[in-house]
Structure formats: C-alpha cells, structure tokens
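Participant: Okay, handing you the structure first.
The values are calculated or read from the model by the stated rules, or taken from the named source; none is laboratory data. As the structure is a prediction and not an experimental result, all values here were calculated from the model. When we count neighbours, we look across all protein chains shown, and the Cβ atoms used for this are built from the backbone with ideal geometry, even at glycine. Side chains included, ligands, DNA and RNA excluded: accessible areas come from the protein's heavy atoms. Shrake-Rupley method; radii C 1.70, N 1.55, O 1.52, S 1.80 Å.
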Amino acid sequence: MASCCRRWLRGCSWRPAAPSPGPGSPGCTGPCGPRAAAAAVAGAQMSCFNLVKSLRSAFPNMYSISRFHHTTPAVCCYSKTRSGEKYTDPFKLGWRDLKGLYEDIRKELFISTTELKEMSEYYFDGKGKAFRPIIVVLMARACNIHHNNSRDVQASQRTIALIAEMIHTASLVHDDVIDDASSRRGKHTVNKIWGEKKAVLAGDLILSAASIALARIGNTTVISILTQVIEDLVRGEFLQLGSKENENERFAHYLEKTFKKTASLIANSCKAVSVLGCPDPAVHEIAYQYGKNVGIAFQLIDDVLDFTSCSNQMGKPTSADLKLGLATGPVLFACQQFPEMNAMIMRRFSLPGDVDRARQYVLQSNGVQQTTYLAQRYCHEAIREISKLRPSPERDALIQLSEIVLTRDK
C-alpha cells in the first residue's frame, strides 16, 4: 500500500498531456466551454493539493512536502517510435507471436464434460482485447533483444501470455459471481446462463489449467512470481469488499486494491518473461515496474469510463461501481469538492437515490479529470521505466501501448 501511495504522491504536480474526458466531453453532463474547462483544471489542481495534504497527515513519514512541488513534463502522444523504426501498431506487432492464442488456450482446457467445457471456453471466443497477452509477448521480445539481441520469443515466454489471459478470465468469471453481474463483453455472463455454483467451478477449472501450464514451464522462480498474482487477486477482492472510515486512508486503500486486482497480473507476467529471457535483476525490475504502472493506469481509466462511456461501448452496464457500493478514483476526488459524499461512501450508496446523486456530484466535479491526470502520471512512469531498455520496435510498441491505455474508450 505504501509504495502505491508514494507513487501517487510523487505525481501530484502533474499537468494534462492531452484533452481528458470529463464535463463537456461526449457521454458526460456538466459544464461546457472554455471558461468551465479552465475552472475545472484549476479546481482539479486545488483538489489534488488538498488531497496531498490529507494523505500527508495520514502518512506523515512518507515524504517531505518539498517532494510534492517538482514538475515533470507529461509524456504522451508518441507519433513515431524512439528507435527510429517505422511506426507499427502494437497490437499487430504483438499478434505475430499470438496466432492461435485462443485455440491453444482451449487445448489447455481439454475437458470431456460438454457443459463444463462450454462454460470454461465461453470467454475465449477471440472477442476480448487480449491486452495482457499482447503486453507479455512485447515485453518478452523487448527483454530478449536488450539481453542478447535475440528476436525470438521462447515457447515458455509465449506460454506466460496464455497463462496471463487464463488467470485474467478466471478472475472475471469469479468477479461476476461476487458482483451478481449479468453482462460482460456485450453478452450474458457465465453465472447468468449457468448459475453461480457452476460459474465458480468453471473459474476454478480455468485456474487449475493455468496452474498446470505454469508447472510445465519448470522454472520455480517464475512459478513463485505468478502464484503471487493469484494471492493478490484474492486479497484485492477482500479489499474491495471493505472500506475505510478514515477519509485520509481511502485513496491509499483504493490504489492498493487497484494494484492487487488489476496491475499485479500485468506486472508479474512481465517480470516472469523477463526472468525467462534475461538473467539481469535490473531488467526484471524494469519489466515489473512497467507492468505495474500501466496496469494501475489501465484500471484508473476503466474507472473513468464507468462515468463517461455508454453501456454499448463498454459491453457492460455503466455506473456499475456505484451500484456495487464502490468508491473509485472519480468519486474520491469528487469528495474533495462535495464532502457530503462521504456519508454516501460509508453507506456504500445504499439509500434510494444515492447512486444518481453520487454520479451527478462526480460529473459536476473535477473527479474525472483528476483521475485521468493520475493515469497519465502512471503512464509517464511506465514509459520512463521501459525506456531504460535497448531501443527496439517492441520496446517502442510498449511505449505506444501506454498512450493507448489513456485514449481508449472501452
């Protein structure tokens, strides 16, 4: 928790690097126009300063106040790769090593029982973003090139990409049971079709298949790295089920949950392929830090989209977090301007009208903008880390992916 909070605190003098979704943007209601936009940014900076002060009071030994006043130019919008090579779509570059991804996953899920097979394969239909496998194979190539200029992806590294997608999908199946969700990726959830009990078993089976694939790699360090992901997923879900009464601790709690539920899988998968391809611990740390920062940014933008996108874009209901009683980044920032939201957070938006009122408060505040700026800071840190590797198309594709994380709309 402390490390997540420190990284957030370091970024509190950020500046917007690109137009952010928020009041006046498509899908939002709220003030529009240049004056309102300027006021929103000014308010956002004040909100950030106030939240820094409250976090400092909660964690007095973390950083001296002087650390909060440096200014680092935001890094975004790379129009060409740093290695001088012609720009390549990161997804096209990554898919070179992922042909047959979902067919290979279905082979790992070889099951004789027809119904269990259908449930387990339900989300491996090729319609997902495959964001995690793409990052993993790009990181594998980037680390291999950095180490010995090898431009091949090892079979074990590609297996990590499959395992990452399997663990992620199993967590979605389990999350939908916990949240009683009815739609995912534009279709009914596993629990909606087959029921909660069978959905839990399907998620368990996917995890067990991922574990078998991991054991076959035969590297105990890599096994330890990726089993940490499963522990983090469980601990993150427990964090999400709870909340902090102390307003000063809520943001740290939120970032810790975000790391464990989302970023840990990306960070540790990146670290795993770096371990398989390069013996240098410094490279392992670069890979881990890139995945960690991109993962947190990815979830922050996901939390923004819950307020700014429509259900058709997202493939799942919007305002879902509020309906589940969850206070995400936009809500926590909005609280700085509307303290009356604290009572709603503590009762997890359970009274009639709480969800609608909280949504309006968020859209009237700078919560969306501030959460977007925070995501930019995490992406800036990810780019700083990955830029330590030797230039290559794959390294530059990872830089491009950081921009894609910030600009995605679903």
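Participant: Please indicate, with yes or no, whether at least one residue in the range 290-300 is touching a helix residue (DSSP H, G or I) at 6+ places or on another chain (Cβ under 6 Å), in a helix (DSSP H, G or I) and farther than 19 Å from Ile386 by Cα.
Facilitator: For the range 290-300, residues touching a helix residue (DSSP H, G or I) at 6+ places or on another chain (Cβ under 6 Å), in a helix (DSSP H, G or I) and farther than 19 Å from Ile386 by Cα: present.
Participant: One residue is enough: does the range 289-297 have a residue meeting the conditions at pLDDT 95 or above, surrounded by fewer than 22 Cβ atoms within 10 Å (Cβ to Cβ) and farther than 23 Å from Val173 by Cα?
Facilitator: yes
Participant: Which pairs turn up if I take residues in the range 163-174 that are closer than 13 Å to Ser264 by Cα and look for partners that are open to solvent by 10 Å² or more (accessible area, probe 1.4 Å) and β-branched (Val, Ile, Thr) with beta carbon separation below 8 Å, at least 6 apart in sequence or on another chain?
Facilitator: Once the first residue is closer than 13 Å to Ser264 by Cα and sits in the range 163-174, its partners that are open to solvent by 10 Å² or more (accessible area, probe 1.4 Å) and β-branched (Val, Ile, Thr) give Ile167/Ile230.
Participant: Yes or no: the range 311-329 includes at least one residue that is in contact with a Pro (Cβ under 7 Å, 6 or more places away or on another chain) and at pLDDT below 95.
Facilitator: Yes, the range 311-329 has at least one match.
Participant: Counting only residues that are of a type in the set (Gly, Ala, Ser) and assigned to a helix (DSSP H, G or I), which one in the range 157-186 is most open to solvent (accessible area, probe 1.4 Å)?
Facilitator: Ser171
Participant: Buried (at least 18 other Cβ atoms within 10 Å of the Cβ) and in a loop (DSSP other than H, G, I, E, B): which single residue out of Leu374, Leu398, Leu389 fits that description?
Facilitator: Of the residues listed, the single one that is buried (at least 18 other Cβ atoms within 10 Å of the Cβ) and in a loop (DSSP other than H, G, I, E, B) is Leu389.
Participant: Quick one: would you say Thr189 is touching a residue at least 24 places away in the same chain (Cβ under 8 Å) and open to solvent by less than 50 Å² (accessible area, probe 1.4 Å)?
Facilitator: no
Participant: Taking the conditions exactly as written (more than 17 Å from the chain's Cα centre (by Cα) and among the β-branched types (Val, Ile, Thr)), does Val273 satisfy them or not?
Facilitator: Criteria met by Val273.
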